Amino acid sequence: MSVRLPPLDELALNWWRIEPLLRRATQITGCYEPIDVLQLAMLGRVGIWLAGDTQQLPSADRAGIWLAGDIDAVIVTEVKEYPRRRVLEMMFCGGDKMANWLEEAIQTMDEHAKSTGCSHIACIGRPGWERAWRGRRTGDVVMVRELKDHADG
């Protein structure tokens, strides 16, 4: 089991497997579609991490390309700059078989946050994520109010 940040060509080759897992997370807020997240990754603004069993296959024109075997989860991160700290924000996480990848994901995200100069990792999620990610509540409550006369699009 590995949790890793694959190159963009691997994301593109495996998008048909990644998109349904990511959609489960993005549909909750309605602020992003999976394709929006892929575009942000292509711009270098977010990282799309894959958790699962993977293997590296040799290729004639590259040192090797990782092809995903089973993709159990997709995690999307963004480094946020604030005036007094740098934070790795976990924007989305969607998948299955959490027991298989959770420990590796926590360790990998911690290492990534440290290597990018972050002092904290933050996320907004359902109450169960607090226990799973070993986070603490800040006391804040996220509230959303839809404006009835506003047309999306």
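Quick note: the coordinates plus some simple rules give every number you see, no bench work behind them. Nothing here was measured: the structure is a model prediction, and the numbers come from that model. Note that each Cβ is placed from the backbone with ideal geometry, even for glycine, and that neighbours are counted across all protein chains shown.
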(request) Between residue 80 and residue 132, take the C-beta separation as r, use R0 = 22 Å, and let me know the FRET efficiency to the nearest 0.05. (result) 0.55
(request) Sequence neighbours fewer than 8 away in the same chain don't count; with that in mind, list the lysines whose C-alpha is under 16 Å from residue 114. (result) 80
(message) Compute the distance from the alpha-carbon center of the range 72-109 to that of the range 1-54, in whole Å.
(response) 12 Å
(request) Excluding residue 72 itself, calculate the net charge of residues whose Cβ lies under 11 Å from the Cβ of residue 72, where each Lys or Arg counts +1 and each Asp or Glu counts -1. (result) -2
(request) Counting other beta carbons within 10 Å of each Cβ, put 126, 86, 23 in order, fewest first. (result) 126, 86, 23
(message) What is the sum of charges, Lys and Arg at +1 and Asp and Glu at -1, for the other residues whose Cβ falls under 9 Å from the Cβ of residue 21?
(response) 0
